[in-house]
1. Mind checking which residues of the range B:158-177 are facing chain A (nearest Cβ under 10 Å), among the hydrophobic types (A, V, I, L, M, F, W, C) and in contact (Cβ under 8 Å) with a residue 40 or more places away in the chain?
2. Only one of these conditions is not met by A:Thr86: (1) β-branched (Val, Ile, Thr); (2) outside any strand (DSSP E or B); (3) touching a Gly at 6+ places or on another chain (Cβ under 6 Å). Which number is it?
3. Return a yes/no flag: does the range B:160-177 have any residue that is on the phi < 0 side of the Ramachandran plot, touching a strand residue (DSSP E or B) at 6+ places or on another chain (Cβ under 6 Å) and charged (D, E, K, R).
4. Taking B:Phe256, is it within 14 Å of chain A (Cβ to nearest Cβ), surrounded by fewer than 22 Cβ atoms within 10 Å (Cβ to Cβ) and not β-branched (Val, Ile, Thr)?
5. Being among the charged types (D, E, K, R) and away from every other protein chain (no Cβ under 14 Å) is the filter here, so list the residues in the range B:232-253 that pass it.
6. Please go through the range A:54-83 and give me each residue that is within 22 Å of A:Leu124 (Cβ to Cβ) and β-branched (Val, Ile, Thr), ordered by number.
7. Those residues that are assigned to a helix (DSSP H, G or I) and not β-branched (Val, Ile, Thr), I need them from the range B:71-83; list them, please.
8. Take the range A:218-245 and flag every residue that is in a loop (DSSP other than H, G, I, E, B), more than 13 Å from A:Gln161 (Cβ to Cβ) and either touching a residue at least 40 places away in the same chain (Cβ under 8 Å) or of a type in the set (A, V, I, L, M) (or both).
There are 2 protein chains.
Amino acid sequence: MNNKYVHGYTVRENVRLVDQATTLADILHSDTVYPAGSNVLEAGCGVGAQTIILARNSPNAKFTAIDQSEESLRAARDRVLSQGFTNVTFHQSDIFHLPYEDNSFDHLFICFVLEHLPNPIEALLCLRRVLKKGGTITVIEGDHGSTYFFPESPDARKTIQCLVDIQAEMGGNSLIGRQLYPLLKKSNYYNVNVSPRMIYVDSSKPNLVEGFTKNTFIAMVEGVKNQAIRSGLMKEADWEQGIRDLQKTTGEDGTFIYTFFKGKALK
Amino acid sequence: MNNKYVHGYTVRENVRLVDQATTLADILHSDTVYPAGSNVLEAGCGVGAQTIILARNSPNAKFTAIDQSEESLRAARDRVLSQGFTNVTFHQSDIFHLPYEDNSFDHLFICFVLEHLPNPIEALLCLRRVLKKGGTITVIEGDHGSTYFFPESPDARKTIQCLVDIQAEMGGNSLIGRQLYPLLKKSNYYNVNVSPRMIYVDSSKPNLVEGFTKNTFIAMVEGVKNQAIRSGLMKEADWEQGIRDLQKTTGEDGTFIYTFFKGKALK
């Protein structure tokens, strides 16, 4: 797995990732439920934001959550245990060198990971090896290019483009959501079904204004401020204006739209 | 109502608009059903693409369908009668000079009309006058800025931007879908609820590839080719490349995304 992450490193970012998963849990995960006794691999569990939702939604499934970062795994383990879940085993492991036999798992789950990888098809093929025939893979990714809002603002668009450019420089692809269908097909999964999960926010939905637009999306954009300005992608004054304009979309007359994509397929 | 339409004039375009409504009928209209005996005004019925769906979904409601164009009204009337529906009355009329008493209608319906108007709030206020207190308004609009696709292509984006620019030049706003919430609020409707209707297309959905991406969206973009090139918005070679690139999104590995917005509110 790629070592360079746009987000996920600092404590503040950990909180954000966990907030994000809590706010979006129903929209993204409520239709992911695994049968009792099934063995499920979560690849790239990070700090456990999704792991805890998986463990809660399928209390009688057995999860193996892997990540390459010891530090993230420790945070994930603490979180899952502190909530009283005992159906998750944690392993430090790399998606491209999985220490498991062929056909080991009944199901695979991978969320917000492929966006960071320069070679997502290779990752999906490595994962496919350890999946049993007839088992499912579930992939969830965002797509920063799915973002639009009112009022419009070229500066706000540019701050989002910084996120896209920085992730691309690091070998990732933050426009990957729209590509889940061809990626899964090219990785030899079949019965591929991709279902978009749009987050539409207006001021009649104060929980999404706070939980998604402000505390997830704008916080994520703000997280690359220093990188964006240091690398000359934007001038600081324009950046500040862009963030102010993004904040306007959380006002009484503002709207904000973002879409996640959830793909499910079979081996 | 504004006289200048980006689409809706030629026979070919009429066919397209009707195809479009047929393909999208369920996604956009299946949750619009009016009680028996209720009086519903459809403002800006055009050639009747939506009228026939309204008449079919609510066979015991009484519709008044208005348009400023005699020619469109004639096409709408022929279409509705040829399908055997007798619950629609047609009037030539202008949204800004409605020949009806205050509080005349139980419900209002307006679809793909506000995008053409320089003053959508004024239109919504004029409509509100003839709506009974407690009655509903249903507004449906697209948003060309909601379009994205794979593979990406700057030329394809530019052809879509031509559509946006040409509609803006004519006083319209093809990015209006995202604004339905503030527009309805500012026009003094309440209990405003906006529900996005995303059209996600990949090659596992051949009906949408044909019916939406090719025959609705790309056909709509192609409809402004002459205007776009004549007015210097794009060079012909770049335009042709953009259309070829849009067509690639209908291939086996392509995806295409567009979102309509449906607003419902009360007087």
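1. B:Ile176
2. Going through (1) β-branched (Val, Ile, Thr); (2) outside any strand (DSSP E or B); (3) touching a Gly at 6+ places or on another chain (Cβ under 6 Å) one by one, A:Thr86 breaks only (3).
3. Within the range B:160-177, none of the residues are on the phi < 0 side of the Ramachandran plot, touching a strand residue (DSSP E or B) at 6+ places or on another chain (Cβ under 6 Å) and charged (D, E, K, R).
4. no
5. B:Lys235, B:Glu236, B:Asp238, B:Glu240, B:Arg244, B:Asp245, listed by residue number.
6. Passing the criteria: A:Thr64, A:Ile66.
7. First, pick out the residues of the range B:71-83 that are assigned to a helix (DSSP H, G or I): B:71-82.
Passing the criteria: B:Glu71, B:Ser72, B:Leu73, B:Arg74, B:Ala75, B:Ala76, B:Arg77, B:Asp78, B:Arg79, B:Leu81, B:Ser82.
8. Let us first name the residues in the range A:218-245 that are in a loop (DSSP other than H, G, I, E, B), namely A:223-224, A:231-235.
Now narrow it down to the ones that are more than 13 Å from A:Gln161 (Cβ to Cβ): A:223, A:232, A:235.
If the condition is that a residue be in a loop (DSSP other than H, G, I, E, B), more than 13 Å from A:Gln161 (Cβ to Cβ) and either touching a residue at least 40 places away in the same chain (Cβ under 8 Å) or of a type in the set (A, V, I, L, M) (or both), then A:Gly223 is the only one that fits.
The values are calculated or read from the model by the stated rules, or taken from the named source; none is laboratory data. These numbers come from a predicted model, not from an experiment. Every residue, glycine as well, gets a Cβ built from its backbone with ideal geometry; the counts of neighbours run over all protein chains shown.
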